[in-house]
Amino acid sequence: MFKKLLLPMVFSMFAFSMIGQTIVSTSPENKKVILEEFTGIHCVFCPDGHAIAQSIQNNNPGNVFLINIHQGSFAVPSGGEPDFRTPFGNAIAGQSGLVGYPAGTVNRHFFPGMAQNGSNGTAMGRQNWVNASNQTLALGSYVNVGVEASINVQTNEITVHVEAYYTGNSPQGTNLLNVALLQNNTKGPQTGGGQGNEYNHMHRLVHLITGQWGVSIPTTTTGTFVDQTFTYTIPAMYNNVPVELAEMEIVAFITETQQEIISGSGAFPTYTGITNANDANVRYLEDIDPTCKTTVSPQVNIQNTGQNPLTSLDIDYSVNGGAVQTYTWTGNLTSLQNETVDLPAITFVLEENNTINVTVPNDDDNTNNTAELIFEEAPDSGTGSVDMVLHTDGWGSECTWNIKDSSGATLYNGGPYGNNQTINVSFDLPDDCITFNLMDSFGDGGGSVTLTDSDGTVLFFTNGNYGSGVAHQFRSNGVLGVNGSELQNIVIYPNPATSILNIKNAEGASVTIYDVLGKQMATQNILSNEGNIDVSRLQTGTYFIKIMTETGIKTETFLITN
(Lines give C-alpha, C1' and ligand atoms only; values in the text may rest on other atoms or scores of the structure.)
Protein backbone atom coordinates (compact mmCIF):
# COMPACT_ATOMS: atom_id res chain seq x y z
CA MET A 1 0.00 0.00 0.00
CA PHE A 2 1.20 3.55 -0.59
CA LYS A 3 -0.02 7.02 0.26
CA LYS A 4 0.56 10.22 -1.65
CA LEU A 5 -0.10 13.90 -1.26
CA LEU A 6 -2.61 15.09 -3.83
CA LEU A 7 -0.58 16.73 -6.57
CA PRO A 8 -2.97 19.66 -7.27
CA MET A 9 -2.72 20.60 -3.59
CA VAL A 10 1.08 20.31 -3.69
CA PHE A 11 1.32 22.57 -6.71
CA SER A 12 -0.94 25.19 -5.18
CA MET A 13 1.17 25.20 -2.04
CA PHE A 14 4.41 25.81 -3.95
CA ALA A 15 3.25 27.93 -6.88
CA PHE A 16 4.68 31.15 -5.42
CA SER A 17 7.48 29.98 -3.13
CA MET A 18 10.26 27.44 -3.13
CA ILE A 19 10.77 27.42 0.64
CA GLY A 20 9.50 23.82 0.91
CA GLN A 21 12.31 22.42 -1.25
CA THR A 22 14.76 20.36 0.87
CA ILE A 23 16.45 17.56 -1.11
CA VAL A 24 16.28 18.60 -4.77
CA SER A 25 18.27 21.28 -6.56
CA THR A 26 16.45 24.16 -8.28
CA SER A 27 19.41 24.84 -10.58
CA PRO A 28 19.56 23.21 -14.02
CA GLU A 29 21.34 19.84 -14.00
CA ASN A 30 22.33 17.23 -16.56
CA LYS A 31 20.41 14.01 -16.85
CA LYS A 32 21.10 11.13 -14.51
CA VAL A 33 21.32 7.61 -15.97
CA ILE A 34 18.82 4.89 -15.05
CA LEU A 35 20.25 1.67 -16.50
CA GLU A 36 17.70 -1.15 -16.42
CA GLU A 37 19.38 -4.48 -17.09
CA PHE A 38 17.37 -7.55 -18.11
CA THR A 39 19.01 -10.60 -16.59
CA GLY A 40 18.48 -14.11 -15.23
CA ILE A 41 20.19 -16.73 -13.10
CA HIS A 42 20.68 -19.05 -16.11
CA CYS A 43 22.07 -16.35 -18.40
CA VAL A 44 25.68 -17.28 -19.27
CA PHE A 45 26.92 -13.80 -20.14
CA CYS A 46 24.85 -11.83 -17.64
CA PRO A 47 27.71 -11.64 -15.09
CA ASP A 48 29.69 -9.77 -17.74
CA GLY A 49 26.75 -7.40 -18.14
CA HIS A 50 26.57 -6.90 -14.38
CA ALA A 51 30.27 -6.00 -14.31
CA ILE A 52 29.92 -3.49 -17.16
CA ALA A 53 26.93 -1.79 -15.54
CA GLN A 54 28.68 -1.63 -12.17
CA SER A 55 31.76 -0.06 -13.73
CA ILE A 56 29.59 2.63 -15.34
CA GLN A 57 28.11 3.43 -11.93
CA ASN A 58 31.51 3.36 -10.21
CA ASN A 59 32.94 5.79 -12.78
CA ASN A 60 30.01 8.20 -12.35
CA PRO A 61 29.18 8.24 -8.61
CA GLY A 62 25.84 9.83 -7.80
CA ASN A 63 24.87 10.09 -11.46
CA VAL A 64 24.16 6.47 -12.50
CA PHE A 65 21.57 4.19 -10.91
CA LEU A 66 21.20 0.49 -11.73
CA ILE A 67 18.06 -1.66 -11.72
CA ASN A 68 18.52 -5.38 -12.43
CA ILE A 69 15.30 -6.96 -13.69
CA HIS A 70 15.18 -10.76 -13.58
CA GLN A 71 12.88 -11.64 -16.44
CA GLY A 72 12.39 -14.09 -19.30
CA SER A 73 13.32 -17.75 -19.75
CA PHE A 74 16.79 -17.37 -18.20
CA ALA A 75 15.16 -16.18 -14.96
CA VAL A 76 12.92 -19.24 -14.52
CA PRO A 77 14.12 -21.22 -11.46
CA SER A 78 14.33 -25.00 -11.25
CA GLY A 79 15.23 -27.58 -8.64
CA GLY A 80 14.70 -25.36 -5.60
CA GLU A 81 16.49 -22.33 -7.04
CA PRO A 82 15.37 -18.87 -5.86
CA ASP A 83 12.82 -16.97 -7.92
CA PHE A 84 14.06 -13.41 -8.45
CA ARG A 85 11.29 -12.43 -10.89
CA THR A 86 8.69 -9.73 -10.23
CA PRO A 87 5.21 -9.01 -11.63
CA PHE A 88 6.65 -5.96 -13.41
CA GLY A 89 9.56 -7.30 -15.47
CA ASN A 90 7.72 -8.69 -18.49
CA ALA A 91 5.91 -5.43 -19.24
CA ILE A 92 9.10 -3.36 -18.96
CA ALA A 93 10.98 -5.78 -21.22
CA GLY A 94 8.03 -6.04 -23.60
CA GLN A 95 8.16 -2.39 -24.59
CA SER A 96 11.94 -2.38 -25.09
CA GLY A 97 12.27 -4.60 -28.17
CA LEU A 98 14.38 -7.07 -26.18
CA VAL A 99 15.70 -9.99 -28.26
CA GLY A 100 18.64 -11.41 -26.27
CA TYR A 101 20.33 -11.46 -22.88
CA PRO A 102 21.92 -9.68 -21.23
CA ALA A 103 20.26 -6.52 -22.52
CA GLY A 104 19.75 -3.10 -21.02
CA THR A 105 18.06 0.21 -21.58
CA VAL A 106 19.60 3.57 -20.70
CA ASN A 107 16.75 5.87 -19.65
CA ARG A 108 14.48 3.75 -21.85
CA HIS A 109 15.73 5.86 -24.77
CA PHE A 110 16.23 4.79 -28.37
CA PHE A 111 19.82 5.23 -29.51
CA PRO A 112 20.11 4.93 -33.33
CA GLY A 113 22.54 2.21 -34.37
CA MET A 114 22.75 0.69 -30.89
CA ALA A 115 19.47 -1.22 -30.63
CA GLN A 116 19.54 -5.00 -30.63
CA ASN A 117 19.36 -6.52 -34.13
CA GLY A 118 19.26 -3.04 -35.68
CA SER A 119 15.68 -2.47 -34.56
CA ASN A 120 14.10 0.73 -33.29
CA GLY A 121 13.78 -0.61 -29.76
CA THR A 122 15.42 0.74 -26.62
CA ALA A 123 17.07 -2.55 -25.58
CA MET A 124 20.81 -2.66 -26.29
CA GLY A 125 23.56 -5.24 -25.96
CA ARG A 126 26.08 -4.67 -23.19
CA GLN A 127 28.73 -3.40 -25.62
CA ASN A 128 26.68 -0.19 -26.12
CA TRP A 129 25.84 0.71 -22.51
CA VAL A 130 28.93 2.84 -21.89
CA ASN A 131 28.41 4.93 -25.04
CA ALA A 132 24.70 5.41 -24.36
CA SER A 133 25.35 6.36 -20.73
CA ASN A 134 28.01 8.91 -21.67
CA GLN A 135 25.69 10.50 -24.21
CA THR A 136 22.91 10.72 -21.63
CA LEU A 137 25.09 12.21 -18.90
CA ALA A 138 26.13 15.01 -21.26
CA LEU A 139 22.54 16.16 -21.86
CA GLY A 140 20.69 18.78 -19.86
CA SER A 141 17.55 17.76 -17.99
CA TYR A 142 14.45 19.89 -17.56
CA VAL A 143 13.62 18.20 -14.25
CA ASN A 144 15.74 17.35 -11.20
CA VAL A 145 14.88 14.50 -8.83
CA GLY A 146 15.79 13.99 -5.18
CA VAL A 147 14.86 11.05 -2.95
CA GLU A 148 15.33 9.91 0.64
CA ALA A 149 13.91 6.95 2.55
CA SER A 150 13.71 5.39 6.00
CA ILE A 151 12.64 1.95 7.24
CA ASN A 152 11.02 1.21 10.59
CA VAL A 153 12.56 -2.11 11.60
CA GLN A 154 9.68 -2.85 14.00
CA THR A 155 7.00 -2.66 11.30
CA ASN A 156 9.02 -3.18 8.10
CA GLU A 157 7.41 -0.01 6.77
CA ILE A 158 9.48 2.07 4.36
CA THR A 159 8.75 5.75 3.91
CA VAL A 160 9.99 7.27 0.65
CA HIS A 161 10.14 11.04 0.18
CA VAL A 162 10.57 12.25 -3.41
CA GLU A 163 11.01 15.82 -4.58
CA ALA A 164 11.24 17.02 -8.19
CA TYR A 165 11.80 20.50 -9.59
CA TYR A 166 11.21 21.50 -13.20
CA THR A 167 13.90 23.87 -14.49
CA GLY A 168 12.25 23.76 -17.92
CA ASN A 169 9.08 22.70 -19.67
CA SER A 170 8.34 19.06 -20.46
CA PRO A 171 7.14 18.30 -24.00
CA GLN A 172 4.46 16.16 -22.33
CA GLY A 173 1.65 17.76 -20.35
CA THR A 174 1.72 14.83 -17.92
CA ASN A 175 4.75 12.95 -16.63
CA LEU A 176 4.98 9.83 -14.44
CA LEU A 177 6.83 9.42 -11.13
CA ASN A 178 8.24 5.95 -10.46
CA VAL A 179 9.75 4.54 -7.26
CA ALA A 180 11.61 1.21 -7.47
CA LEU A 181 12.60 -0.88 -4.44
CA LEU A 182 15.77 -2.93 -4.86
CA GLN A 183 17.70 -5.45 -2.77
CA ASN A 184 21.48 -5.88 -2.80
CA ASN A 185 23.92 -8.63 -1.80
CA THR A 186 21.64 -11.61 -2.31
CA LYS A 187 23.67 -14.82 -2.60
CA GLY A 188 22.28 -17.24 -5.14
CA PRO A 189 22.96 -19.33 -8.26
CA GLN A 190 24.25 -17.83 -11.48
CA THR A 191 25.31 -19.62 -14.64
CA GLY A 192 28.62 -18.14 -15.69
CA GLY A 193 30.66 -15.98 -13.37
CA GLY A 194 32.39 -18.99 -11.80
CA GLN A 195 30.74 -18.60 -8.37
CA GLY A 196 28.07 -21.27 -8.56
CA ASN A 197 25.42 -20.77 -5.89
CA GLU A 198 27.45 -18.04 -4.16
CA TYR A 199 26.99 -15.35 -6.81
CA ASN A 200 26.30 -11.94 -5.29
CA HIS A 201 23.19 -10.45 -6.93
CA MET A 202 23.08 -6.65 -6.76
CA HIS A 203 20.49 -3.94 -7.54
CA ARG A 204 17.77 -6.60 -7.81
CA LEU A 205 14.30 -5.18 -8.45
CA VAL A 206 11.85 -6.59 -5.91
CA HIS A 207 8.93 -4.12 -6.16
CA LEU A 208 7.64 -0.97 -7.84
CA ILE A 209 6.10 1.02 -5.01
CA THR A 210 4.28 3.32 -7.48
CA GLY A 211 2.96 0.45 -9.60
CA GLN A 212 3.85 -0.69 -13.10
CA TRP A 213 4.21 2.73 -14.74
CA GLY A 214 4.22 5.22 -11.85
CA VAL A 215 1.85 7.92 -10.62
CA SER A 216 0.79 10.95 -12.61
CA ILE A 217 2.41 14.41 -12.41
CA PRO A 218 -0.28 16.63 -14.00
CA THR A 219 1.75 19.86 -14.21
CA THR A 220 5.13 19.77 -15.97
CA THR A 221 6.11 23.41 -16.64
CA THR A 222 9.07 25.49 -15.49
CA GLY A 223 9.01 26.17 -11.74
CA THR A 224 6.78 23.19 -10.87
CA PHE A 225 7.77 21.63 -7.56
CA VAL A 226 6.67 18.07 -6.76
CA ASP A 227 6.75 16.77 -3.19
CA GLN A 228 5.43 13.24 -2.62
CA THR A 229 5.71 10.75 0.23
CA PHE A 230 4.94 7.05 -0.14
CA THR A 231 4.71 4.37 2.54
CA TYR A 232 4.91 0.65 1.86
CA THR A 233 5.20 -2.36 4.15
CA ILE A 234 8.03 -4.59 3.00
CA PRO A 235 7.12 -8.29 3.32
CA ALA A 236 9.39 -10.85 4.92
CA MET A 237 9.96 -12.49 1.53
CA TYR A 238 9.44 -11.96 -2.19
CA ASN A 239 8.74 -15.26 -3.97
CA ASN A 240 10.10 -17.07 -0.87
CA VAL A 241 13.40 -15.18 -1.15
CA PRO A 242 14.10 -13.58 2.27
CA VAL A 243 14.25 -9.80 2.55
CA GLU A 244 17.28 -8.18 4.17
CA LEU A 245 16.22 -4.73 5.35
CA ALA A 246 19.85 -3.61 5.58
CA GLU A 247 20.31 -4.32 1.85
CA MET A 248 17.41 -2.29 0.45
CA GLU A 249 17.88 0.51 -2.07
CA ILE A 250 15.54 3.07 -3.65
CA VAL A 251 15.66 4.45 -7.20
CA ALA A 252 13.16 7.19 -8.19
CA PHE A 253 12.75 8.46 -11.74
CA ILE A 254 10.38 10.50 -13.90
CA THR A 255 9.21 9.44 -17.35
CA GLU A 256 7.58 11.41 -20.15
CA THR A 257 5.63 8.31 -21.15
CA GLN A 258 6.06 4.72 -20.07
CA GLN A 259 9.16 4.52 -22.24
CA GLU A 260 11.29 7.69 -21.95
CA ILE A 261 13.04 8.39 -18.62
CA ILE A 262 13.97 12.06 -18.17
CA SER A 263 16.13 11.74 -15.05
CA GLY A 264 16.17 10.20 -11.61
CA SER A 265 18.02 9.65 -8.38
CA GLY A 266 18.64 7.01 -5.73
CA ALA A 267 19.10 6.54 -2.00
CA PHE A 268 19.89 3.97 0.66
CA PRO A 269 17.36 4.06 3.52
CA THR A 270 18.08 5.10 7.07
CA TYR A 271 16.53 3.04 9.89
CA THR A 272 14.22 3.75 12.80
CA GLY A 273 12.70 1.58 15.53
CA ILE A 274 16.02 0.17 16.77
CA THR A 275 15.40 0.25 20.52
CA ASN A 276 18.46 -1.50 21.95
CA ALA A 277 21.81 0.25 22.23
CA ASN A 278 23.87 -2.97 22.10
CA ASP A 279 22.48 -6.17 20.61
CA ALA A 280 24.30 -8.92 18.74
CA ASN A 281 21.92 -11.29 16.97
CA VAL A 282 23.15 -14.83 16.25
CA ARG A 283 21.00 -15.42 13.20
CA TYR A 284 21.97 -18.87 11.94
CA LEU A 285 24.71 -21.40 11.28
CA GLU A 286 25.53 -22.36 7.71
CA ASP A 287 24.52 -25.94 6.85
CA ILE A 288 27.22 -28.59 7.10
CA ASP A 289 27.18 -31.52 4.69
CA PRO A 290 27.37 -35.04 6.12
CA THR A 291 30.95 -35.70 7.22
CA CYS A 292 33.17 -38.55 8.36
CA LYS A 293 35.82 -36.24 9.78
CA THR A 294 36.24 -35.44 13.46
CA THR A 295 36.95 -31.76 12.95
CA VAL A 296 34.59 -29.13 11.60
CA SER A 297 34.87 -25.40 10.86
CA PRO A 298 31.47 -23.82 11.59
CA GLN A 299 30.23 -20.66 9.88
CA VAL A 300 27.91 -18.43 11.90
CA ASN A 301 26.01 -15.35 10.72
CA ILE A 302 25.90 -12.49 13.21
CA GLN A 303 23.93 -9.28 12.88
CA ASN A 304 24.06 -5.98 14.72
CA THR A 305 20.49 -5.21 15.80
CA GLY A 306 21.59 -2.45 18.16
CA GLN A 307 22.10 1.28 17.70
CA ASN A 308 25.83 1.26 18.43
CA PRO A 309 28.40 -0.20 16.01
CA LEU A 310 29.44 -3.78 16.75
CA THR A 311 33.25 -3.95 16.64
CA SER A 312 34.16 -6.97 18.76
CA LEU A 313 32.38 -10.13 19.84
CA ASP A 314 33.41 -13.27 21.78
CA ILE A 315 31.80 -16.30 20.13
CA ASP A 316 31.64 -19.54 22.18
CA TYR A 317 30.96 -22.79 20.34
CA SER A 318 31.01 -26.52 20.96
CA VAL A 319 29.99 -29.78 19.26
CA ASN A 320 27.99 -32.56 20.91
CA GLY A 321 28.39 -30.96 24.33
CA GLY A 322 32.18 -31.17 24.19
CA ALA A 323 34.78 -28.61 25.20
CA VAL A 324 33.82 -25.00 24.49
CA GLN A 325 36.05 -23.03 22.14
CA THR A 326 36.07 -19.21 22.01
CA TYR A 327 36.77 -17.04 18.98
CA THR A 328 37.00 -13.25 19.22
CA TRP A 329 35.59 -11.60 16.12
CA THR A 330 36.57 -8.03 15.28
CA GLY A 331 35.15 -5.77 12.59
CA ASN A 332 32.66 -2.94 12.21
CA LEU A 333 28.97 -3.72 11.76
CA THR A 334 26.58 -0.78 11.86
CA SER A 335 22.88 -1.20 12.61
CA LEU A 336 21.27 -4.15 10.76
CA GLN A 337 24.47 -5.12 8.99
CA ASN A 338 25.45 -8.80 9.16
CA GLU A 339 28.50 -10.92 8.49
CA THR A 340 29.15 -14.65 8.20
CA VAL A 341 32.08 -15.51 10.47
CA ASP A 342 34.36 -18.48 9.73
CA LEU A 343 35.09 -20.09 13.09
CA PRO A 344 38.36 -22.01 13.57
CA ALA A 345 38.19 -25.80 13.31
CA ILE A 346 37.01 -27.65 16.39
CA THR A 347 37.60 -31.34 17.22
CA PHE A 348 34.71 -33.53 18.34
CA VAL A 349 33.56 -37.14 18.72
CA LEU A 350 31.61 -38.04 15.59
CA GLU A 351 28.08 -39.37 16.11
CA GLU A 352 25.28 -40.34 13.77
CA ASN A 353 23.70 -36.91 14.40
CA ASN A 354 25.89 -34.05 15.62
CA THR A 355 24.93 -30.73 17.20
CA ILE A 356 26.81 -27.43 17.10
CA ASN A 357 25.92 -24.82 19.73
CA VAL A 358 26.98 -21.17 19.42
CA THR A 359 26.60 -18.50 22.12
CA VAL A 360 27.59 -14.83 22.44
CA PRO A 361 27.77 -12.77 25.67
CA ASN A 362 24.84 -11.11 27.41
CA ASP A 363 23.66 -7.83 25.91
CA ASP A 364 20.46 -5.74 25.78
CA ASP A 365 18.48 -8.67 24.32
CA ASN A 366 19.52 -12.20 25.30
CA THR A 367 16.74 -13.94 23.35
CA ASN A 368 18.85 -13.94 20.18
CA ASN A 369 22.25 -14.87 21.61
CA THR A 370 22.33 -18.57 20.70
CA ALA A 371 22.03 -20.79 17.64
CA GLU A 372 22.08 -24.53 17.04
CA LEU A 373 22.72 -26.73 14.01
CA ILE A 374 22.43 -30.49 13.54
CA PHE A 375 24.51 -32.26 10.89
CA GLU A 376 24.81 -35.94 10.00
CA GLU A 377 27.56 -38.50 9.78
CA ALA A 378 28.61 -39.31 6.20
CA PRO A 379 27.65 -42.72 4.77
CA ASP A 380 29.87 -45.76 5.30
CA SER A 381 31.08 -47.82 2.39
CA GLY A 382 30.88 -51.57 3.00
CA THR A 383 34.10 -52.05 1.05
CA GLY A 384 37.08 -50.06 -0.19
CA SER A 385 36.23 -50.84 -3.82
CA VAL A 386 34.17 -48.07 -5.40
CA ASP A 387 32.89 -47.69 -8.96
CA MET A 388 32.08 -44.37 -10.63
CA VAL A 389 29.76 -43.97 -13.62
CA LEU A 390 30.02 -40.44 -15.01
CA HIS A 391 27.94 -39.14 -17.92
CA THR A 392 29.10 -35.96 -19.61
CA ASP A 393 26.74 -33.52 -21.25
CA GLY A 394 27.33 -31.54 -24.45
CA TRP A 395 30.22 -29.72 -22.74
CA GLY A 396 32.35 -32.55 -21.39
CA SER A 397 35.49 -30.40 -21.49
CA GLU A 398 34.13 -28.49 -18.48
CA CYS A 399 33.93 -31.58 -16.23
CA THR A 400 36.73 -32.68 -13.88
CA TRP A 401 36.83 -34.64 -10.60
CA ASN A 402 39.17 -35.92 -7.91
CA ILE A 403 39.16 -38.17 -4.88
CA LYS A 404 41.14 -37.11 -1.80
CA ASP A 405 41.99 -38.72 1.52
CA SER A 406 41.60 -37.04 4.92
CA SER A 407 45.00 -35.32 4.62
CA GLY A 408 43.97 -33.69 1.35
CA ALA A 409 46.19 -35.87 -0.82
CA THR A 410 44.74 -36.67 -4.25
CA LEU A 411 44.25 -40.40 -4.75
CA TYR A 412 42.50 -40.30 -8.15
CA ASN A 413 41.42 -37.63 -10.60
CA GLY A 414 40.03 -37.31 -14.10
CA GLY A 415 38.73 -35.06 -16.84
CA PRO A 416 38.19 -33.03 -18.84
CA TYR A 417 36.28 -35.30 -21.22
CA GLY A 418 34.57 -35.34 -24.58
CA ASN A 419 30.92 -34.56 -25.11
CA ASN A 420 28.10 -37.00 -24.26
CA GLN A 421 30.42 -39.74 -23.03
CA THR A 422 29.97 -42.42 -20.36
CA ILE A 423 33.03 -42.81 -18.12
CA ASN A 424 33.44 -45.92 -15.94
CA VAL A 425 36.23 -45.83 -13.33
CA SER A 426 36.99 -48.14 -10.37
CA PHE A 427 38.88 -47.11 -7.23
CA ASP A 428 40.59 -49.08 -4.47
CA LEU A 429 40.47 -46.83 -1.39
CA PRO A 430 42.21 -46.98 2.01
CA ASP A 431 40.54 -47.07 5.41
CA ASP A 432 39.90 -43.33 5.70
CA CYS A 433 37.46 -40.46 5.35
CA ILE A 434 37.26 -39.90 1.59
CA THR A 435 36.15 -36.73 -0.22
CA PHE A 436 34.83 -36.87 -3.77
CA ASN A 437 35.05 -33.49 -5.56
CA LEU A 438 33.11 -32.94 -8.79
CA MET A 439 33.69 -29.69 -10.71
CA ASP A 440 32.27 -27.87 -13.72
CA SER A 441 34.44 -25.00 -14.97
CA PHE A 442 31.51 -23.13 -16.49
CA GLY A 443 29.30 -23.39 -13.42
CA ASP A 444 26.23 -25.06 -14.93
CA GLY A 445 26.74 -28.72 -13.95
CA GLY A 446 26.73 -31.59 -16.43
CA GLY A 447 25.53 -35.16 -16.73
CA SER A 448 24.63 -37.62 -13.99
CA VAL A 449 27.32 -39.12 -11.75
CA THR A 450 27.03 -42.16 -9.47
CA LEU A 451 29.43 -43.71 -6.93
CA THR A 452 28.68 -47.21 -5.61
CA ASP A 453 30.75 -49.62 -3.59
CA SER A 454 31.16 -53.30 -4.47
CA ASP A 455 28.31 -54.18 -2.11
CA GLY A 456 25.96 -52.08 -4.22
CA THR A 457 25.64 -49.22 -1.70
CA VAL A 458 25.07 -45.89 -3.46
CA LEU A 459 27.55 -43.46 -1.91
CA PHE A 460 26.83 -40.46 -4.14
CA PHE A 461 24.42 -39.51 -6.91
CA THR A 462 23.70 -36.33 -8.83
CA ASN A 463 21.42 -35.89 -11.80
CA GLY A 464 23.86 -33.28 -13.13
CA ASN A 465 22.47 -30.21 -11.36
CA TYR A 466 25.65 -29.43 -9.40
CA GLY A 467 26.48 -25.93 -10.63
CA SER A 468 30.18 -25.17 -10.37
CA GLY A 469 30.84 -28.19 -8.20
CA VAL A 470 30.09 -30.33 -5.19
CA ALA A 471 32.17 -32.00 -2.47
CA HIS A 472 30.87 -35.22 -0.89
CA GLN A 473 32.37 -37.31 1.90
CA PHE A 474 32.05 -41.00 2.72
CA ARG A 475 33.91 -43.49 4.92
CA SER A 476 35.87 -46.31 3.28
CA ASN A 477 36.79 -49.37 5.33
CA GLY A 478 39.74 -50.23 3.08
CA VAL A 479 38.53 -53.81 2.38
CA LEU A 480 38.75 -54.49 -1.34
CA GLY A 481 35.75 -56.11 -3.00
CA VAL A 482 35.77 -58.94 -5.52
CA ASN A 483 35.76 -57.79 -9.12
CA GLY A 484 36.24 -60.95 -11.08
CA SER A 485 36.15 -61.27 -14.84
CA GLU A 486 32.57 -62.51 -14.60
CA LEU A 487 31.40 -59.16 -13.25
CA GLN A 488 33.53 -57.20 -15.70
CA ASN A 489 31.90 -59.04 -18.61
CA ILE A 490 28.32 -58.28 -17.58
CA VAL A 491 26.67 -55.86 -20.03
CA ILE A 492 23.31 -54.10 -19.87
CA TYR A 493 21.72 -52.59 -22.99
CA PRO A 494 20.16 -50.52 -24.46
CA ASN A 495 20.85 -47.49 -22.30
CA PRO A 496 18.63 -45.46 -22.40
CA ALA A 497 15.92 -48.12 -22.46
CA THR A 498 12.19 -47.86 -23.13
CA SER A 499 10.51 -51.19 -22.38
CA ILE A 500 13.09 -54.01 -22.21
CA LEU A 501 16.55 -53.94 -20.57
CA ASN A 502 18.83 -56.75 -21.80
CA ILE A 503 21.44 -58.31 -19.51
CA LYS A 504 24.29 -60.33 -21.01
CA ASN A 505 26.78 -62.68 -19.27
CA ALA A 506 24.81 -62.71 -16.00
CA GLU A 507 23.34 -66.24 -15.91
CA GLY A 508 22.26 -67.17 -12.37
CA ALA A 509 22.42 -63.56 -11.13
CA SER A 510 19.80 -61.84 -9.00
CA VAL A 511 18.86 -58.39 -10.40
CA THR A 512 17.22 -55.55 -8.47
CA ILE A 513 16.27 -52.12 -9.83
CA TYR A 514 16.08 -49.03 -7.59
CA ASP A 515 15.06 -45.45 -8.22
CA VAL A 516 17.36 -42.57 -7.21
CA LEU A 517 15.76 -42.45 -3.74
CA GLY A 518 16.65 -46.09 -3.07
CA LYS A 519 13.11 -47.46 -3.53
CA GLN A 520 13.03 -50.98 -4.95
CA MET A 521 11.17 -50.93 -8.28
CA ALA A 522 11.69 -54.45 -9.66
CA THR A 523 13.57 -57.72 -8.98
CA GLN A 524 14.25 -60.74 -11.14
CA ASN A 525 16.53 -63.78 -11.44
CA ILE A 526 18.46 -64.15 -14.71
CA LEU A 527 18.16 -67.75 -15.91
CA SER A 528 20.23 -67.63 -19.08
CA ASN A 529 23.29 -65.98 -20.55
CA GLU A 530 21.06 -63.61 -22.56
CA GLY A 531 18.44 -62.41 -20.07
CA ASN A 532 16.15 -59.41 -19.97
CA ILE A 533 13.91 -57.53 -17.59
CA ASP A 534 10.66 -55.66 -18.33
CA VAL A 535 11.04 -51.95 -17.50
CA SER A 536 8.03 -50.69 -19.42
CA ARG A 537 6.24 -49.65 -16.22
CA LEU A 538 9.05 -47.38 -15.08
CA GLN A 539 8.61 -43.65 -15.53
CA THR A 540 11.16 -41.55 -17.43
CA GLY A 541 14.24 -40.95 -15.28
CA THR A 542 17.45 -42.41 -13.84
CA TYR A 543 17.61 -45.82 -12.12
CA PHE A 544 20.18 -48.16 -10.55
CA ILE A 545 20.49 -51.83 -11.44
CA LYS A 546 22.17 -54.09 -8.85
CA ILE A 547 23.43 -57.41 -10.24
CA MET A 548 24.41 -60.00 -7.60
CA THR A 549 26.38 -63.15 -8.51
CA GLU A 550 28.32 -65.69 -6.46
CA THR A 551 31.53 -63.74 -7.04
CA GLY A 552 30.34 -60.24 -6.22
CA ILE A 553 28.00 -57.37 -6.90
CA LYS A 554 27.91 -54.94 -9.79
CA THR A 555 25.86 -51.73 -9.80
CA GLU A 556 25.25 -49.47 -12.79
CA THR A 557 22.91 -46.63 -13.69
CA PHE A 558 20.57 -46.59 -16.66
CA LEU A 559 17.97 -44.24 -18.08
CA ILE A 560 14.35 -44.76 -19.04
CA THR A 561 12.98 -42.63 -21.86
CA ASN A 562 9.58 -42.54 -23.52
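The values are calculated or read from the model by the stated rules, or taken from the named source; none is laboratory data. The shown structure was predicted, so the numbers you read here are calculated from the model rather than taken from an experiment. Cβ: placed from backbone, ideal geometry, glycine included. Neighbour counts: every protein chain shown. Only protein heavy atoms, including side chains, enter the accessible area calculation; ligands, DNA and RNA are left aside. Shrake-Rupley method; radii C 1.70, N 1.55, O 1.52, S 1.80 Å.
Below are the figures for this structure:
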read-out: Paramagnetic label zone (point 7 Å from Cα along Cα-to-C-beta, S397; backbone N under 19 Å) in segment 96-110; value: none
read-out: Accessible surface of segment 422-551, 1.4 Å probe, proportion on carbon and sulfur as whole %; value: 47
read-out: Carbon + sulfur, % of accessible area of segment 157-220 - ligands and nucleic acids excluded, 1.4 Å; value: 43
read-out: q = 0.22, 0.23 Å⁻¹, segment 92-137: log10 I(q)/I(0) [Debye, one scatterer per Cα]; value: -0.61, -0.67
read-out: Anisotropy class of segment 383-514 from Cα gyration tensor, a/c 1.5 cut; value: oblate
read-out: Length-normalised contact order for segment 59-185 - Cα pairs under 8 Å, 6+ apart - percent; value: 14
read-out: Percent of C-alpha pairs per 5 Å bin, segment 22-114, short to long; value: 3, 12, 21, 21, 18, 11, 7, 4, 2, 0, 0
read-out: Cα gyration tensor, segment 316-439 - rounded (a/c under 1.5), prolate or oblate; value: prolate
read-out: Computed lengthening from T330 to S528, 0.36 nm per intervening residue step minus Cα-Cα distance; value: 64.2 nm
read-out: Stokes-Einstein translational diffusion, the chain - Kirkwood Rh over all Cα pairs, 1.002 mPa s, 20 °C, in µm²/s; value: 77
read-out: Potential extension, N30-T229 segment - 0.36 nm per residue separation minus Cα distance; value: 69.2 nm
read-out: ³J(HN,Hα) computed for each position of segment 553-558 - Karplus, 6.51 cos²θ - 1.76 cosθ + 1.60, integer Hz, glycine/proline x; value: 10, 10, 10, 9, 9, 8
read-out: Given K293/K404; K293/K554; K504/K554, the pairs whose alpha carbons are separated by over 18 Å; value: K293/K554
read-out: Segment 91-165 - percent relative contact order, Cα under 8 Å, separation 6 or more; value: 22
read-out: 3J(HN,Hα) from dihedral phi, segment 429-437, Karplus parametrisation 6.51/-1.76/1.60, rounded to Hz, x for glycine, proline; value: 10, x, 6, 5, 8, 9, 10, 9, 10
read-out: Overall form of segment 115-223 per C-alpha gyration tensor (a/c, 1.5; a/b vs b/c); value: oblate
read-out: Förster-model FRET efficiency, 41 Å R0, N197 and T222, C-beta, rounded to 0.05; value: 0.20
read-out: Surface share of carbon and sulfur [accessible, 1.4 angstrom probe, percent] for segment 366-411; value: 47
read-out: Karplus 3J(HN,Hα) series, Hz, for segment 457-462 with 6.51 cos²θ - 1.76 cosθ + 1.60 (x for Gly, Pro); value: 6, 7, 8, 7, 8, 9
read-out: For N353, net neighbour charge (Lys/Arg +1, Asp/Glu -1) across residues whose Cβ lies under 9 Å away; value: -4
read-out: Solvent-accessible area per residue, Å², over the chain with all protein chains present [probe radius 1.4 Å]; value: 44
read-out: Where no second cysteine Cβ lies under 4.7 Å, the cysteines concerned in the chain; value: C399
read-out: Surface/4 of the Cα convex hull for segment 140-193, nm²; value: 7.3
read-out: Contour excess over end-to-end distance, with Cα ends at N502 and Q307 and 0.36 nm allotted per residue; value: 63.2 nm
read-out: The chain: relative contact order in percent, alpha carbon pairs under 8 Å with at least 6 residues between; value: 10
read-out: Viscosity 1.567 mPa s, temperature 4 °C, Stokes-Einstein D of segment 341-412 from Kirkwood C-alpha radius, µm²/s; value: 75
